[in-house]
Amino acid sequence: SSGINAEYGGQQRQRDDRRGSEKRKRARKQSNESSSSDDSSTSSSGSSREEPVKTSGRRRSPEPDHNASAGTAESLDRIARIINDSDQAPLKTNSERYSPAPEEHSQEPQPVVPAATYLPPPSANTQMTQSKDLLFLLNKYPIMWTGTIALKNDTANVQLHFLSGSSTLAEGAIGALPNLGPGPMRIAQRMRLEPNQIEGVQKRMQHEGHWCMLLALPHCTDPVSLSTQTTVLQQGFISYLDSKQAAGIINLSVPEQTSPYVLHIFPPCEFTRVNMKRFCPELMEGAGDCGYLLIVIATV
């Protein structure tokens, strides 16, 4: 009987073990199903953070994402096509890659030339204008005489331009210059630039037909010689008379004429500036640059 009881007890334990094992399997299955429902509810709520669910059974492996795999494959195909195209295209240098389009090329800036070292050639219109201006001045202030004047040891070549007064008196005086003798027209006397002396000249200029005014400018046929004559006129005549505060005097006698001609030769001063502004304003600037002598011829 003890053997029978032992066998019966062993069988009973096996049945109990099988029932316990089935209960545990059912519990694990229910636990896995509840975990799956929790995962689906969490993903549907849009939560960005997923917490792992711990169960007593084995963890389920995640299912593959077919959409992500397809997107990754497309990206890889696109990258492969770009690499293939770049391998087949000709290589470009840096200058070809980054050089602007032809229409965007800007002209290179031209170097700035200082005004002192560059003078544009005069245009045809400018030359024509200058010629007309010169012709106008020559017609308005004609040349009465070209020759040499002397003072002390200096001589200068000049041209005498008629400015105002009696042209007949000017022609008579110029025609009488040979009476001075051979050689240049020499300044032998001086008149002080004092108020009473200048007033005497101004009174003679009030008698119509008894005075004329000429302008002496340096003259030569080439630029180099003209520069030399300008320097001589400025230093040997203008500077000397200015330092003496005097005007040069030349007495010109004519045998057929009872009253001689008196030539008053003024350096630049207030008297000359007032009269040039009155009779020849167009010549003031140019004459002042090159040097001039203002000559008043009157009869005593």
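Assorted remarks:
- Approximating the spin labels as points 7 Å out from Cα along Cα→Cβ, the Gln30-to-Arg186 distance works out to 15.5 nm.
- Couplings 3J(HN,Hα) of region 212-217, computed from phi: 7, 10, 10, 10, 9, 10 Hz, in residue order, whole Hz [Karplus 6.51 cos²θ - 1.76 cosθ + 1.60, θ = phi - 60°; x for Gly and Pro].
- Label sites at Leu177 and Met205, each approximated as a point 7 angstrom past Cα along Cα to Cβ, lie 2.2 nm apart.
- Using a probe radius of 1.4 angstrom, the carbon and sulfur fraction of the accessible surface of region 146-225 is 47%.
- Here the ratio of the Cα radius of gyration of region 144-213 to 2.2 N^0.38 Å is 1.25.
- Amide H contacts of Val254 (H built 1.01 Å from N, in plane; Pro and chain starts excluded): Tyr261 sit under 5 Å, all sequence-distant by 5 or more or on other chains.
- Packing rank of 174-182, 17-25, 224-232, where each peptide gets the mean count of other beta carbons within 10 Å, highest leading: 224-232, 174-182, 17-25
- Whole-Hz ³J(HN,Hα) from phi, Karplus 6.51 cos²θ - 1.76 cosθ + 1.60, for region 178-190, glycine and proline x: x, 5, 6, x, x, x, x, 6, 9, 8, 10, 10, 10
The values are calculated or read from the model by the stated rules, or taken from the named source; none is laboratory data. These figures come from a predicted structure and were not determined experimentally. A quick note on method: Cβ atoms are made from the backbone with ideal geometry, for glycine too, and the neighbour counts reach across all protein chains shown. The area values use the complete protein model at the heavy-atom level, side chains included, leaving out ligands, DNA and RNA. Shrake-Rupley method; radii C 1.70, N 1.55, O 1.52, S 1.80 Å.
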